[in-house]
DNA sequence: GAGTCTATCTCGGAA
DNA sequence: TTCCGAGGTAGACTC
């Protein structure tokens, strides 16, 4: 029996089922009219409304309203949850240590209480990240331009890390800034800071912003600063080679 | 009847209940063994596992694993969801326009399908935001130091917005950077950029980072740059006056 | 609609 | 453990 369900349970029934589910490290799902108070990194109060409450086996606790992707109140994995009855009312409590945080939910009326002994071994396979773009460019440097040779990756400078450092066919230094989404002015500013740092030493340093697209304002600033743009889509293969390094090509 | 529930439904029963719930703009909650494919801003694939699926009245769609606060796959509010049966299997689909994104979930086995006609009019009341800190400092400038006078808020400069601009008792310009959480090196860099911009014009500009705490590295950088730190906790009152402006004090 | 910024951001990786 | 940066960030707000 993977699933246990109770419709419109009494307070005691709800209490027992929830405690049972937590103890068995099940996925506990509750539909209820509730209110919530949180105190920790911030402080919040949520008045009564009908919501979805979820307690996960890893200690995650969430209160979801009828809108938005984000929970309205929550606690992260490893929080300790329990149910208790006080003055005839059912409460849920989730406590986190370091930082000390406490979320208390008062259940005014439970419509559905259930738990689910979920088994889930798989992780998400995802493609289209900045890291994948870097891998792709290291493996296919001509995507930047003919004759481009990468020299270093995540190269540390005062103002941060240069995504890819390389040289063009004339031996001029090239600073590559990667963005996996549309690039804004902040990306241009970041690239400019890197280039300025190098230009102090020597001239002829090229700065290239690589992204699938760019905002209008960012393109204007880029041109003003004498920087370049390469339109490149992040790769879409789900099983990209992890751990591609420059060693393979130098 | 606020709640409708079916345990271990057949494919057709599950299909009908889910479509019914979506049409009635209910909160649809499903416990099922499923796999998922996403294509849009990125691309992802999730192999079979036992999960919680939620469809909200506002169009939000979520697939939750047995761990983590964030859903493993999701679509934002205003997405269009539907269920359908293809080659004897039950599928859920959620589509978003602009950007074009599609999430498809195949239900291999539904353990629990339910929907809940939730009513929830209340919004979260929360305290402890950066904005509240700004309000507090505008109302009590001496928290920065004796004689401090705020002059402008969200003051636009080339590299962004200065949280609070003011003058000390000697008439020297002060640039205040607020953080509601522990400040890191990025906050110091940000403050430094603002101060540098002003120092081009005139010397004697003071930069002050205001936060409840600061990382070790950030404090070192702050001292190197001749900037200052004020340890201030964000306010905890839940009903802070919204819309406090400088007009009330100048 | 596009751009910018905060967040109880969350989450993963590195020092 | 602490810290830093990426994210399909989400969500709020301004222009």
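The values are calculated or read from the model by the stated rules, or taken from the named source; none is laboratory data. Keep in mind it's a predicted model, so treat the numbers as computed, not measured. Glycine gets a Cβ as well: all are built from the backbone with ideal geometry, and neighbour counts include every protein chain shown.
Could you give every pair whose Cβ atoms fall below 9 Å, whose first residue belongs to the stretch A:1-15 and is away from chain B (no Cβ under 12 Å), and whose second residue is surrounded by fewer than 18 Cβ atoms within 10 Å (Cβ to Cβ) and outside any strand (DSSP E or B), counting only separations of at least 6 or pairs across chains?
Every condition considered, the pairs that remain are A:11/A:88.
Would you be able to tell me the number of residues in the stretch A:71-127 that are touching a residue at least 40 places away in the same chain (Cβ under 8 Å) and under 28 Å from residue B:47 (Cα atoms)?
Number satisfying all stated conditions: 9.
What residue, among those in the stretch B:39-67 that are part of a loop (DSSP other than H, G, I, E, B) and more than 13 Å from DNA strand D (Cβ to nearest atom), is farthest from the chain's Cα centre (by Cα)?
Result: B:66.
From the list A:108, A:122, pick out the single residue that is farther than 30 Å from residue A:230 by Cα, in a loop (DSSP other than H, G, I, E, B) and in contact with a strand residue (DSSP E or B) (Cβ under 9 Å, 6 or more places away or on another chain).
A:122
Look through the stretch A:68-86, keep the residues that are within 15 Å of residue B:70 (Cα to Cα) and in a strand (DSSP E or B), and return whichever of them is farthest from the chain's Cα centre (by Cα).
If we take residues in the stretch A:68-86 being within 15 Å of residue B:70 (Cα to Cα) and in a strand (DSSP E or B), then A:73 is farthest from the chain's Cα centre (by Cα).
All but one of (1) more than 16 Å from DNA strand D (Cβ to nearest atom); (2) within 13 Å of chain A (Cβ to nearest Cβ) hold for residue B:166, so report the exception by its number.
(2)
Based on what the data block shows, is residue A:33 within 21 Å of residue B:33 (Cβ to Cβ) and within 12 Å of chain B (Cβ to nearest Cβ)?
For residue A:33, the condition - within 21 Å of residue B:33 (Cβ to Cβ) and within 12 Å of chain B (Cβ to nearest Cβ) - is not met.
Kindly provide the set of residues from the stretch A:20-37 that are surrounded by 19 or more Cβ atoms within 10 Å (Cβ to Cβ) and assigned to a strand (DSSP E or B), ordered by number.
Of everything in the stretch A:20-37, those that are surrounded by 19 or more Cβ atoms within 10 Å (Cβ to Cβ) and assigned to a strand (DSSP E or B) turn out to be A:27, A:28, A:29, A:30, A:31, A:32, A:34, A:36.
Checking residue B:112 against (1) crowded, with 21+ Cβ neighbours inside 10 Å; (2) under 26 Å from residue A:37 (Cα atoms); (3) within 7 Å of chain A (Cβ to nearest Cβ), which single condition isn't satisfied?
Going through the list (1) crowded, with 21+ Cβ neighbours inside 10 Å; (2) under 26 Å from residue A:37 (Cα atoms); (3) within 7 Å of chain A (Cβ to nearest Cβ), residue B:112 breaks only (2).
Residue-wise test of (1) within 23 Å of the chain's Cα centre (by Cα); (2) exposed (fewer than 15 other Cβ atoms within 10 Å of the Cβ); (3) at pLDDT below 95.
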{"position": "B:144", "(1), (2), (3)": "no, no, no"}
{"position": "B:163", "(1), (2), (3)": "yes, no, no"}
{"position": "B:178", "(1), (2), (3)": "yes, no, no"}
{"position": "B:195", "(1), (2), (3)": "no, no, yes"}
{"position": "B:198", "(1), (2), (3)": "no, no, yes"}
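Within the stretch A:127-147, identify whether any single residue is in a strand (DSSP E or B) and closer than 27 Å to residue B:37 by Cβ, and answer yes or no.
Yes, the stretch A:127-147 contains a residue that is in a strand (DSSP E or B) and closer than 27 Å to residue B:37 by Cβ.
Given the conditions (1) within 15 Å of DNA strand D (Cβ to nearest atom); (2) surrounded by fewer than 14 Cβ atoms within 10 Å (Cβ to Cβ); (3) farther than 27 Å from residue A:188 by Cβ, and given that residue B:154 satisfies all but one, which numbered condition is not satisfied?
It fails just one condition, (3).
(1) crowded, with 23+ Cβ neighbours inside 10 Å; (2) more than 16 Å from DNA strand C (Cβ to nearest atom); (3) more than 9 Å from chain A (Cβ to nearest Cβ); (4) assigned to a strand (DSSP E or B): which one isn't true of residue B:91, the others all being true?
(1) is the only condition that residue B:91 fails.
Within the group A:171, A:184, A:147, A:134, which residue is within 14 Å of DNA strand D (Cβ to nearest atom) and either over 30 Å from residue B:65 (Cβ atoms) or within 14 Å of another protein chain (Cβ to nearest Cβ) (or both)?
It is A:184.
Answer with yes or no whether residue B:98 is in a loop (DSSP other than H, G, I, E, B) and more than 11 Å from every other protein chain (Cβ to nearest Cβ).
Yes.
Of all residues in the stretch B:209-239, how many are within 13 Å of DNA strand D (Cβ to nearest atom), touching a strand residue (DSSP E or B) at 6+ places or on another chain (Cβ under 9 Å) and within 12 Å of chain A (Cβ to nearest Cβ)?
Residues meeting the conditions: 2.
Residue A:53 - would you say it is in contact with a strand residue (DSSP E or B) (Cβ under 6 Å, 6 or more places away or on another chain), under 22 Å from residue B:26 (Cα atoms) and more than 10 Å from chain B (Cβ to nearest Cβ)?
So residue A:53 passes the test.
Just give me the residues in the stretch B:211-250 being assigned to a loop (DSSP other than H, G, I, E, B), at pLDDT 85 or above and within 26 Å of residue B:199 (Cβ to Cβ), in sequence order.
Answer for the stretch B:211-250, where residues must be assigned to a loop (DSSP other than H, G, I, E, B), at pLDDT 85 or above and within 26 Å of residue B:199 (Cβ to Cβ): B:215, B:225, B:226, B:227, B:232.
Please work out which one of (1) within 14 Å of DNA strand C (Cβ to nearest atom); (2) touching a residue at least 24 places away in the same chain (Cβ under 8 Å) is the condition residue B:152 fails and give its number.
Residue B:152 satisfies all of (1) within 14 Å of DNA strand C (Cβ to nearest atom); (2) touching a residue at least 24 places away in the same chain (Cβ under 8 Å) except (1).
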